[in-house]
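Structure first, commentary second.
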Amino acid sequence: MSLSPCACSVHTHCTFCDGKDTPQAMAEAAFQAGVRYFGFSSHSHTPLPEDEGTTLPKDMTAYRETVLRLRAEYEGRMEILLGIELDNLSDVSPAGFDYWIGSAHHLRVPGGGPHTVDWDEAHLTACLEEAFHGDGLAMAEAYYQEVRRIAARRPPILGHIDLVTKFNTGNRFFDQSHPRYKQAALEALHTADPRWTLLEINTGAMSRGYRDAPYPELFLLREWQTMGGQIILTADAHSASGILYAYGQSAELAKAAGYAQSVLLTAEGPVLCSL
């Protein structure tokens, strides 16, 4: 049977973390959209007070039980995978999950607390001024240090590697063409092991109106292709309406980087399909 990238959506969020819709609603929307391999990947718990209410609790029993119940409900119609998006500052383990997405949402500041890079523009502005004295390139370099830490753990999927650019339209915080920026991003990418890790092309910020293009930038995708790395298309869906958001645009970006295939994540492991 011929498969397309739209058969798979495994970066999703529901009401167990910061998603808008229930697990049942997310699963049903995926099924109605023609998804064959659907994964729940709620945000992992962190010890940060500001993350309370937007991540899983430290005890993930209810989350596991709910996903496994839905797996049984959709058996024979759609595969449901139990995943987790593991934050770089998480205090839980990804052990016991079908897969995990390694993502850096926070950066650490010497002598200060961690800062969230994708909360909103006001938080990022405060981080820039308070922690980096207005040096946006230093802020980006600190972010990519965190990406390197999570990439070194060999996640099955490396999430939105350049998330720090979420609010950087028009180079609002730093110049994305600057050699310092590109060097930091490429060094982080080179920490990932293409034998173990898929790099996602992620449209989550597009569906929520923050960006008009997927993560990551073309130069990173081209470098990953040169490294022999494979890609997976994801929607980072926070609502039932975003399950397959802008997959066509992601496929075109992948082709521009030299890819002819992407990966579907299934219960039996990764499967290649044509873009």
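Please verify whether Leu244 is in contact with a Cys (Cβ under 6 Å, 6 or more places away or on another chain) and in a loop (DSSP other than H, G, I, E, B), treating the condition exactly as stated.
Values: in contact with a Cys (Cβ under 6 Å, 6 or more places away or on another chain): yes; in a loop (DSSP other than H, G, I, E, B): yes.
Taking the combined requirement at face value, the residue satisfies it.
Looking only at the range 36-55, decide whether some residue is within 21 Å of Glu268 (Cα to Cα), open to solvent by 30 Å² or more (accessible area, probe 1.4 Å) and either modelled with pLDDT under 95 or not polar (S, T, N, Q) (or both).
Scanning the range 36-55, I find at least one residue that is within 21 Å of Glu268 (Cα to Cα), open to solvent by 30 Å² or more (accessible area, probe 1.4 Å) and either modelled with pLDDT under 95 or not polar (S, T, N, Q) (or both), so the answer is yes.
Does Ala152 count as open to solvent by 40 Å² or more (accessible area, probe 1.4 Å), touching a residue at least 12 places away in the same chain (Cβ under 8 Å) and among the aliphatic types (A, V, I, L, M)? Before the answer, list the steps.
Details: open to solvent by 40 Å² or more (accessible area, probe 1.4 Å): yes; touching a residue at least 12 places away in the same chain (Cβ under 8 Å): yes; among the aliphatic types (A, V, I, L, M): yes.
When the stated conditions are applied, Ala152 passes them.
Could you tell me whether Glu129 is surrounded by fewer than 19 Cβ atoms within 10 Å (Cβ to Cβ), assigned to a helix (DSSP H, G or I) and not hydroxyl-bearing (Ser, Thr, Tyr)? Spell out how you get there, then give the answer.
Details: surrounded by fewer than 19 Cβ atoms within 10 Å (Cβ to Cβ): yes; assigned to a helix (DSSP H, G or I): yes; not hydroxyl-bearing (Ser, Thr, Tyr): yes.
Here the answer is yes, as Glu129 does meet what is asked.
Assess whether Gly34 counts as being touching a helix residue (DSSP H, G or I) at 6+ places or on another chain (Cβ under 9 Å) and assigned to a loop (DSSP other than H, G, I, E, B).
Taking the combined requirement at face value, the residue satisfies it.
Which of the following residues is of a type in the set (Asp, Glu), over 18 Å from Ile84 (Cα atoms), within 15 Å of the chain's Cα centre (by Cα) and at pLDDT 95 or above: Glu223, Glu200, Glu252, Glu217?
Glu217
Here are some conditions: (1) β-branched (Val, Ile, Thr); (2) over 18 Å from the mean Cα position of the chain (by Cα); (3) surrounded by fewer than 20 Cβ atoms within 10 Å (Cβ to Cβ). Val92 meets all but one. Which one does it not meet?
Here Val92 meets the rest and fails (2).
Hey, among Gly113, Gly159, Gly170, Gly136, which residue is surrounded by 15 or more Cβ atoms within 10 Å (Cβ to Cβ) and more than 23 Å from Glu223 (Cα to Cα)? So that I can check it myself, show each step before the final result.
Details: Gly113 fails: surrounded by 15 or more Cβ atoms within 10 Å (Cβ to Cβ); Gly159 fails: more than 23 Å from Glu223 (Cα to Cα); Gly170 fails: surrounded by 15 or more Cβ atoms within 10 Å (Cβ to Cβ).
Sole residue among the options that is surrounded by 15 or more Cβ atoms within 10 Å (Cβ to Cβ) and more than 23 Å from Glu223 (Cα to Cα): Gly136.
For Gly39, work out the one condition from (1) touching a Gly at 6+ places or on another chain (Cβ under 6 Å); (2) of a type outside the set (Asp, Glu); (3) over 20 Å from Ile101 (Cα atoms) it doesn't fulfil.
For Gly39, the failing item is (3).
The values are calculated or read from the model by the stated rules, or taken from the named source; none is laboratory data. Just so it is clear, the structure is predicted and the values come from calculations on it, not from any experiment. Glycine gets a Cβ as well: all are built from the backbone with ideal geometry, and neighbour counts include every protein chain shown. Just so you know, the surface numbers come from the protein's heavy atoms only, side chains and all, with ligands and any DNA or RNA stripped out. Shrake-Rupley method; radii C 1.70, N 1.55, O 1.52, S 1.80 Å.
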